[in-house]
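Enquirer: Structure incoming, see below.
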Amino acid sequence: MKIKHILLFSALALVVSACSTLLQMAALSKCEFKIDSVKNTRLAGLSIHGLRGFNEVKLTDATKVVAAFASGKLPLEFTLNVAVRNPNKMDAAMTKLDWEALLDQTTILTGNVNQPLRVPANGGTAILPLNVSVNLKQLFSTLKKEQLLDLGFGLADASDKPTRVALKLKPTVDVAGRPVTYPGWFTVKRDFTAGS
């Protein structure tokens, strides 16, 4: 008789756990996402934060950028800070996030984050930083030097808000020890966008 009670209690605990996680998945699907800021922007190793164009680069730094371009590389690195806002009455959580970074509607990099993220209920927010590193010259091989530089300098406005960058996201939650991935991708830009 005790074994039946233990099995029944274990099954009930598993169902409650799965229901709780499914509710978190439902809550996550109603969360709103936006690219909050573009930070730590570096072009050919040079910090270009606050610069609006190549003409604002010091001559000594400009030679580094030109040399990188001449060598067949124009590395661009930046951090996209994704804000997640939860309008639900219960916390939302995810265990993994697959993402694609887009620059002028072209996918420049894909990746995933394998760290849990919990977003508090009732309008709570969380920030998820995504580090992006690409070789612009290789990725956009048909563009001229000036066009590539414009891409790098035009990622964000003066207040670090994205201008040419978007993301596609696909979150995953854990349901009873098994991953459940959000059905389909959704695009995130400068303003809050719901995942549903």
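Enquirer: Only one of (1) under 24 Å from Lys30 (Cα atoms); (2) out of contact with any Gly (no Cβ under 6 Å at 6 or more places or on another chain); (3) polar (S, T, N, Q) fails for Asn86. Which number is that?
Expert: (2)
Enquirer: Shifting gears a bit: Yes or no: the range 129-143 includes at least one residue that is in a strand (DSSP E or B), polar (S, T, N, Q) and more than 18 Å from the chain's Cα centre (by Cα).
Expert: Within the range 129-143, one or more residues are in a strand (DSSP E or B), polar (S, T, N, Q) and more than 18 Å from the chain's Cα centre (by Cα).
Enquirer: Further question: Among the residues of the range 92-104, count how many are modelled with pLDDT of 85 or more and either outside any strand (DSSP E or B) or surrounded by fewer than 15 Cβ atoms within 10 Å (Cβ to Cβ) (or both).
Expert: So the answer is 1.
Enquirer: Any idea which residue in the range 60-91 is modelled with the lowest pLDDT, counting only those that are basic (Lys, Arg) and under 27 Å from Pro120 (Cβ atoms)?
Expert: The residue in question is Lys89.
Enquirer: Quick one: Asp191 ticks every box in (1) outside any loop (DSSP other than H, G, I, E, B); (2) surrounded by fewer than 17 Cβ atoms within 10 Å (Cβ to Cβ); (3) at pLDDT below 80 except a single one, so which number is it?
Expert: (1)
Enquirer: Which count do you get for residues in the range 37-66 that are part of a loop (DSSP other than H, G, I, E, B) and either in contact with an Asp or Glu (Cβ under 6 Å, 6 or more places away or on another chain) or among the small types (Gly, Ala, Ser) (or both)?
Expert: 4
Enquirer: Something else now. Of (1) touching a residue at least 60 places away in the same chain (Cβ under 8 Å); (2) under 27 Å from Lys145 (Cβ atoms), Ile108 satisfies all except one. Which?
Expert: Going through the list (1) touching a residue at least 60 places away in the same chain (Cβ under 8 Å); (2) under 27 Å from Lys145 (Cβ atoms), Ile108 breaks only (1).
Enquirer: Is it the case that some residue within the range 159-181 is surrounded by 13 or more Cβ atoms within 10 Å (Cβ to Cβ) and on the phi > 0 side of the Ramachandran plot?
Expert: Yes, there is a match, as at least one residue in the range 159-181 is surrounded by 13 or more Cβ atoms within 10 Å (Cβ to Cβ) and on the phi > 0 side of the Ramachandran plot.
Enquirer: Sticking with this structure for a sec: Failed condition for Ala156, given (1) more than 24 Å from Leu46 (Cα to Cα); (2) at pLDDT below 75, with all others met?
Expert: Among (1) more than 24 Å from Leu46 (Cα to Cα); (2) at pLDDT below 75, the lone unmet condition for Ala156 is (1).
Enquirer: Then there is this: So in the range 117-134, with the set limited to residues that are crowded, with 17+ Cβ neighbours inside 10 Å and in contact with a Gly (Cβ under 9 Å, 6 or more places away or on another chain), which one is nearest to Cys31 (Cα to Cα)?
Expert: Among residues in the range 117-134 that are crowded, with 17+ Cβ neighbours inside 10 Å and in contact with a Gly (Cβ under 9 Å, 6 or more places away or on another chain), the one nearest to Cys31 (Cα to Cα) is Leu130.
Enquirer: Would you please name the residue that is farthest from Lys145 (Cα to Cα), looking only at residues in the range 69-96 that are of a type in the set (Gly, Ala, Ser) and without any contact (Cβ under 8 Å) to a residue 60 or more places away in the chain?
Expert: Checking each candidate, the answer is Ser71.
The values are calculated or read from the model by the stated rules, or taken from the named source; none is laboratory data. Since the structure is predicted, the reported quantities are computational estimates derived from the model, not experimental observations. Neighbour counts run over all protein chains shown; Cβ positions are idealised from the backbone, glycine included.
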